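Working notes, structure below.
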Amino acid sequence: MAVDSSNREAYLKRLRRVEGQIRGLQRMVEEDKYCIDILTQVSAATKALQAFSLELLDEHLATCVVEAAAAGGDEAAVKVKEASDAIARLVRS
């Protein structure tokens, strides 16, 4: 299952906001802004991506993983492993 269509626009809106933050970072570098100011904006963009990731992960757990678990079989184990691996990547980043 892909991204829930009811959440798609909200996700895209958040990603466009992050995209704007990244463009702002590019401008800051081009304009030789103070390093600490740039790092502050990097932190804000990072937090925004982390929040997006957590929301998407929550949706995945609530839909894909729950549906696979209800169906049982090998697919349930695969979905749980995928989710666990994704969580591990997020924690490491």
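Report, please, the projected area of the range 5-92 averaged over directions, based on the convex hull of its C-alpha atoms, in nm².
For the Cα atoms of the range 5-92, the hull's average projected area reads 6.8 nm².
Which net charge results for the neighbourhood of G24, defined as the other residues with beta-carbon distances under 14 angstrom from its beta-carbon, given Lys and Arg at +1 and Asp and Glu at -1?
+1
Under a plain spin-label model, where a point goes 7 Å from the Cα along Cα-to-Cβ, how far apart in nm are C35 and L12?
4.0
Once you've got the GNM for the chain with C-alpha springs shorter than 10 Å, pick whichever of L54, L12, L25 has the biggest mean-square fluctuation.
L12
Using 0.36 nm per residue of separation minus the Cα-Cα distance, give me the extension gain between A2 and A62 in nm, one decimal.
Result for the pair: 20.3 nm of gain on full extension.
Given the rule -39500 (n - 2.57) for each run of at least 4 DSSP H residues, summed and divided by the residues of the chain, what is its mean residue ellipticity at 222 nm, to the nearest 500 deg cm²/dmol?
-28500 deg cm²/dmol
Which chymotrypsin sites (Phe, Trp or Tyr not before Pro) does the chain hold that lie in a coil by DSSP with at most 12 other beta carbons within 10 Å?
Y34
Here, each number is a calculation from the coordinates, and none is a lab measurement. Model, not experiment: these values are computed from the prediction. When we count neighbours, we look across all protein chains shown, and the Cβ atoms used for this are built from the backbone with ideal geometry, even at glycine.
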